[in-house]
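All of the numbers you see were taken from the coordinates with simple rules; none came from a lab. This structure is a prediction, so every number in the text was calculated from the model and none was measured. Cβ placement follows ideal geometry from the backbone for every residue including glycine, while neighbour counts extend to all protein chains displayed.
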Amino acid sequence: MNDSLLSLLLGLVEGLTEFLPVSSTAHLRIVEALLHLDLHDAYWKMYTIVIQLGAILALPVYFWHRILKFLSTFPRGERGDRNVFTHPLGLTLIAFIVTAIPAFLLTRQIGQNLENLWVMAWALLIGGVIMWLVDALCRHSRVERMVDMTLPLAVWICFALIASAVFPGTSRSMSTIVAGEIAGLTRSAALEFSFFLSMPTMFVATGYDLLKTLLPHRHTDAAENLATPVMTGHDWIVLAIGFVVSFVVALGVVAWFMNWVRARGFAPFAVYRIVLAAALFWLLWRGRI
């Protein structure tokens, strides 16, 4: 396949799946495996990180007005009943720290699972079943808006996010939504918190991965210590295509998804996860990927 078309395809996959509860990581790995891309190649490893950054950039663009509102009301909140620990920005920062520390300590295990499509298949399947059950059974919401969240609720969601980090294919948005609904958040409030938590979490995680790729450390495992890619003009164009496509598509998906959850549930995404898991199990069993 032509590199430009390949970049267009991968950017489209990343943009479509990054913020839906279906796991962008699993989708990218499946597509890359089907196309026989060398995941240990320094350029394509960097490319995957860069298009993910493109998708993440869609969040501050879409939520810029909410971000400015939160900044202007920090730390007392819109009603003056919040503090530095219970303001939405404070809750997001606390949740980020609580999630980031164990995720960093489990970096090696996470890296191993990123290469294991069997782990992703099971994560897709189990996550789909759990999401379907939670969305059907948890109908009594007590917290209508993200601004009404409490500190214990934010910490509870963090534990679900740690599981999604360790088992690629689980999906950060799915973990946040499920944990939020179990604790009494409305679907839209759980989704909004998922998006806000994704901003610091994914900017730091992808930034760290990008630095590791571009500036490999001498003390890392030799198998992971990739040579810094030497970029040609063609390489930059391919990278730019993926980045722009990922950003534009992700921006549209975020806007559409926020409107979708206000009126509908997550059952279609749960069914999709289960079907995708079944297809992935079949491909693995048949040795197709």
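So what's the angle, to the nearest 10 degrees on a 0 to 90 scale, between helix 3-17 and the longest Cα principal axis of the chain?
20
Can you list the GluC sites (Glu not before Pro) in region 103-204 that are in a DSSP coil and have 15 or fewer other beta carbons within 10 angstrom?
Passing sites in region 103-204 are Glu115, Glu144.
Compute the helix-to-body angle for 24-34: its Cα long axis versus the longest principal axis of the chain, expressed 0 to 90° and rounded to tens.
20
For the pair Ala33 and Leu114, how long in nm is the line joining their label points, each one 7 Å along Cα→Cβ?
1.6
Find me the longest stretch of the chain that has none of the exposed trypsin sites (Lys or Arg not before Pro), where exposed means in a DSSP loop (not H, G, I, E or B) with at most 15 other Cβ atoms within 10 Å.
It works out to 1-75.
Would you work out which of Leu35, Phe257, Val134 lies farthest towards the positive end of the dipole of the chain? Charges go on Cβ: Lys and Arg +1, Asp and Glu -1.
Positive-most Cα among the choices belongs to Val134.
Report the charge-dipole magnitude of region 56-132 in Debye, nearest 20, computed about the Cα centre from +1 at each Lys and Arg Cβ and -1 at each Asp and Glu Cβ.
Charge dipole of region 56-132: 260 debye, to the nearest 20.
In debye to the nearest 20, how big a dipole does the chain give about its Cα centre with +1 on each Lys and Arg Cβ and -1 on each Asp and Glu Cβ?
Charge dipole, the chain, about its Cα centre: 740 debye, nearest 20.
Using Cα pairs under 8 angstrom and six or more residues apart, how large is the relative contact order of region 47-175, in percent?
Rounded, it is 29 percent for region 47-175.
Provide the FRET efficiency to the nearest 0.05 for the Asp81-Leu9 pair, computing r from the beta carbons and using R0 = 41 Å.
The computed FRET efficiency comes out at 0.25.
If each of Leu133 and Trp64 carries a label point 7 Å out from its Cα toward its Cβ, how far apart are those two points in nm?
Spacing of the two 7 Å Cα→Cβ label points: 4.3 nm.
Which of the following values of Cα extents along the principal axes in Å was calculated from the structure shown: (1) 62, 45, 30; (2) 54, 39, 35; (3) 60, 45, 44?
Step by step, Cα extents along the principal axes in Å for this structure corresponds to label (2).
Please compute the modelled spin-label separation between Ser141 and Leu71, points set 7 Å along Cα→Cβ, answer in nm with one decimal.
Spacing of the two 7 Å Cα→Cβ label points: 2.8 nm.
Taking the dipole about the Cα centre of region 1-131, with the C-beta of Lys and Arg at +1 and of Asp and Glu at -1, give me whichever of Leu53, Ile94, Leu20 is farthest to the positive side.
Ile94
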